[in-house]
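What follows is a set of notes on a single structure, which appears directly below.
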Amino acid sequence: AKLTLISESVSVDTANGCVTDYDPQLSYFLTEDRLTSDLVSSETSQVLFAADFTVTYHNSYKVVENLRSGQSFVLYQCGTPPPEASNFSNTTTFFSVPVSKVITSGTIPVAFLDILELTDMLVMADMTYVTNECLQKRHQVCGSLVHSSAYASTWNNNATALGVQMAITDSFGGGVTGLGVDVTFDASGDNGILQRAEWIKFLALFFNAEQKANSEFQAQVDLVSSIENEVAVAQAQPGAQQEPIAAWIDRVPGWSGAPDRFEIDATPYKLEYLTKAGGMSVSNVTLEFLTDSVNGTRMKDALRGVHVVIDETYAPVPATYTRATFLANFQFTDEDIASGAWPFLTNDNVFRTDKKTNSGTYGAVGLDWYESHLPKPAACMKDFAFVLHPTLFPQYSSTAYLRNVMKDEQVMPAMAQHCTLDICPATLPPITLPAEEESGSSIVLNFKALVFLVFVAVCTLMLN
């Protein structure tokens, strides 16, 4: 990302209130409340990692460009006049900031908003795949959050009725409203683990939460660097295993009678996790085996000598994907395990990214990996440091995302009752929409539903 600084500013509370006595000569964005960067000159600076958005600060507004989606935004401080529209392209969208009444169709923005402590700004979300326990509680218990499928007609109807100020969408068009409030959030399109995490700064711009974003991102940078150093020191010990080989693999079902594809994934951010955690990807060694669309033989050959495997084969119900499922999917036998030719089998080192899921309450099971790993690269680094070097990093054995399927480790469903925060105060009253717009959206729990939720909570406690 690129940041341009225009002028120094005076003290104004831009995060919580509107300007009441506008002065065009004053700058309303304090230096310490802007995005931080390594200053190159007094005018322009290059932000550290993300390469897909830019921001320019003016006295009372910011100009933000999403270089990936081509969208441009003018974010003018509440209480100040918007700049002249004729100075910008006719596709530029104007927002008074900080925004409130936000909706999102995806799970990734939920995780970023959670870190920014801004999930209370959400008034509607497609909860189908959301794992965040407290967001589930807001919908199921508090009634202060609307659930609607982003692909249902109720999505736009509800957005209009709620007076939404910002709709966070994705590059595939999910959750687009066409109401002049759509913002494409492209964190998953960036290549590196820190580049993806730095998109917290993009989102923060709309809430005047740059200071919080700077702090949280820098914490991730420092933690990732610290873990890298830990790995380097550990690998320097006499007898330590040097760069164990790992592979991200997948079995993709064929369409219209075509055979399944057996793939080794070389997505840059996935390889970066392996290398930063002291490993090496098999795809760096045997690129010719990236795809096998005939049978699993070439995949098995490619995986000889591999120490760790991350299996990303899709499972609609992750809890049913077991050791037996993996062995059958990739055609491994007891003889293969006993042979020692595949260390990841011999040492039970096959993992999946589905350790934490939602409970399927909304009709499908979502993975926390797809929701929260982007803004938390350090947590992922700990997971990979442990699975690649279990004897060197036992302190990271309680993984956040990786489940050992060879040991039949269980999935951990996240549910509303797991949220311990008091998030149902009068400041977030239940949302009531016109009756004709409630279809497909459970707004406020009725008495029977509440009794059922209590019953589930009691059962969960008894099982634990």
Looking at segment 208-251, which of its residues are open to solvent by less than 10 Å² (accessible area, probe 1.4 Å) and within 30 Å of Lys101 (Cα to Cα)? Glu210, Ala213, Phe217
Quick one: would you say Gly189 is over 30 Å from Met381 (Cβ atoms) and either at pLDDT below 95 or of a type in the set (Gly, Ala, Ser) (or both)? no
Long-range neighbours under 8 Å by Cβ, at least six apart or interchain, first residue within 14 Å of Ser60 (Cβ to Cβ) and free of Cβ contacts under 8 Å to residues at least 12 places away in the same chain within segment 25-37, second open to solvent by 40 Å² or more (accessible area, probe 1.4 Å) and not hydroxyl-bearing (Ser, Thr, Tyr): none
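Of all residues in segment 266-286 being part of a helix (DSSP H, G or I) and either small (Gly, Ala, Ser) or more than 19 Å from Gln241 (Cα to Cα) (or both), which is modelled with the lowest pLDDT? Working first, answer last.
In the first step, residues of segment 266-286 are kept if they are part of a helix (DSSP H, G or I); the result is 268-276, 282-284.
Now restrict to residues that are either small (Gly, Ala, Ser) or more than 19 Å from Gln241 (Cα to Cα) (or both): 268-270, 283.
Details: Pro268: 93, Tyr269: 95, Lys270: 95, Ser283: 60.
It comes out as Ser283.
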Failed condition for Ala213, given (1) among the aliphatic types (A, V, I, L, M); (2) without any contact (Cβ under 8 Å) to a residue 60 or more places away in the chain; (3) in a helix (DSSP H, G or I), with all others met? (2)
Which members of segment 112-125 meet the condition of being open to solvent by 30 Å² or more (accessible area, probe 1.4 Å) and over 17 Å from the mean Cα position of the chain (by Cα)? Asp120, Met121
In this structure, is Asp301 closer than 28 Å to His389 by Cβ and either at pLDDT below 95 or surrounded by fewer than 17 Cβ atoms within 10 Å (Cβ to Cβ) (or both)? yes
Checked segment 161-176 for anything surrounded by fewer than 20 Cβ atoms within 10 Å (Cβ to Cβ) and within 16 Å of Ala150 (Cα to Cα); matches are Ala161, Leu162, Ser171, Phe172, Gly173, Gly174, Val176
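Mind checking whether some residue in segment 126-143 is within 28 Å of Val63 (Cβ to Cβ), open to solvent by 10 Å² or more (accessible area, probe 1.4 Å) and among the β-branched types (Val, Ile, Thr)? Full working, then the answer.
Taking segment 126-143 and keeping what is within 28 Å of Val63 (Cβ to Cβ), we get none.
No, the conditions are met nowhere in segment 126-143.
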Is there a residue in segment 315-328 that is under 28 Å from Trp199 (Cα atoms), part of a helix (DSSP H, G or I) and either touching a Pro at 6+ places or on another chain (Cβ under 8 Å) or open to solvent by 40 Å² or more (accessible area, probe 1.4 Å) (or both)? no
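Would you mind stating whether Asp21 is closer than 15 Å to Ala213 by Cβ, at pLDDT 85 or above and open to solvent by 20 Å² or more (accessible area, probe 1.4 Å)?
Details: closer than 15 Å to Ala213 by Cβ: no; at pLDDT 85 or above: yes; open to solvent by 20 Å² or more (accessible area, probe 1.4 Å): yes.
No.
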Considering only segment 370-386, how many residues are open to solvent by less than 10 Å² (accessible area, probe 1.4 Å), farther than 19 Å from Glu198 by Cα and out of contact with any Gly (no Cβ under 9 Å at 6 or more places or on another chain)? 1
Filter segment 241-259 down to residues that are of a type outside the set (A, V, I, L, M, F, W, C) and touching a helix residue (DSSP H, G or I) at 6+ places or on another chain (Cβ under 9 Å) and give me whichever is modelled with the highest pLDDT. Pro244
Look through Gln417, Gln410, Gln395 and report the one residue that is at pLDDT 95 or above, open to solvent by 70 Å² or more (accessible area, probe 1.4 Å), outside any loop (DSSP other than H, G, I, E, B) and of a type outside the set (Asp, Glu). Gln395
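The values are calculated or read from the model by the stated rules, or taken from the named source; none is laboratory data. Computed from a predicted model, the values in this text were never measured in an experiment. Ideal geometry is used to build each Cβ from the backbone, glycine not excepted, and the neighbour counts take in all protein chains shown. Keep in mind that these areas ignore ligands, DNA and RNA; they rest on the heavy atoms of the full protein, side chains included. Shrake-Rupley method; radii C 1.70, N 1.55, O 1.52, S 1.80 Å.
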